[in-house]
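What follows is a set of notes on a single structure, which appears directly below.
Laboratory data are not the source of any read-out in this text; all were calculated from the coordinates shown. A quick note: this is a predicted structure, and the numbers were derived from the prediction, not measured. Cβ: placed from backbone, ideal geometry, glycine included. Neighbour counts: every protein chain shown.
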Amino acid sequence: MSPAAVAAARKRHHNAQQALRNASVTINGVVLPVALTRGPVRPVPKEDGSGWEKLETITVRVPKSVLLAPPGKRSVLVYAGVDYLITSIGGQSPGEIAWRLQAERRSPSAA
């Protein structure tokens with residue numbers, strides 16, 4: 001496959017993901033269109049070891065044409081009025097057309 005064909009395939013893939021998982025998030029006060037995937041909410045031990053809490057992970061893909069540089073790790077991403085902490089940033093390769101940001105939120109659990 002030629003580089004142009006790979007780039008076109010990546011663009012088609014991103015457009016399909018955007019159509020299926022269309023959402024918007026706010027990063028640094030800017031509202032961005034993204035393709036969003038929510039992971040399951042699962043119980044995890046609290047960081048201080050004093051019990052359990054719930055952890056929810058979301059993954060968003062933001063086109064590089066919309067967000068020129070990725071936010072830093074531990075930046076806040078707001079989705080549906082809820083704050084998530086960015087824990088992983090992918091898409092640094094020049095061939096990628098979108099940033100892949102993984103973000104988490106922890107909440108108390110009655111467990």
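Key figures
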quantity: Inter-probe distance in nm under a simple model that places probes 7 Å from Cα toward Cβ, at Val76 and Thr26; calculated: 0.9
quantity: Crossing angle, helix 3-20 versus the chain [Cα axis fit, 0-90 degrees, rounded to tens]; calculated: 50
quantity: For the chain, with +1 on Lys and Arg beta carbons and -1 on Asp and Glu, the positive-most of Ala69, Gln17, Gly39 along the dipole; calculated: Gln17
quantity: Estimated dipole of segment 1-94 in Debye, rounded to 20 [Cβ of Lys and Arg +1, of Asp and Glu -1, Cα centre]; calculated: 440
quantity: Lysine pair count for the chain [Cα-Cα under 26 Å; pairs on different chains or 8 or more apart]; calculated: 6
quantity: Label-point separation in nm, Gln92 to Lys46, each point 7 Å along Cα→Cβ; calculated: 3.5
quantity: Of the trypsin sites (Lys or Arg not before Pro) in segment 1-99, those whose Cβ has at most 10 other Cβ within 10 Å and which sit in DSSP loop; calculated: Arg74
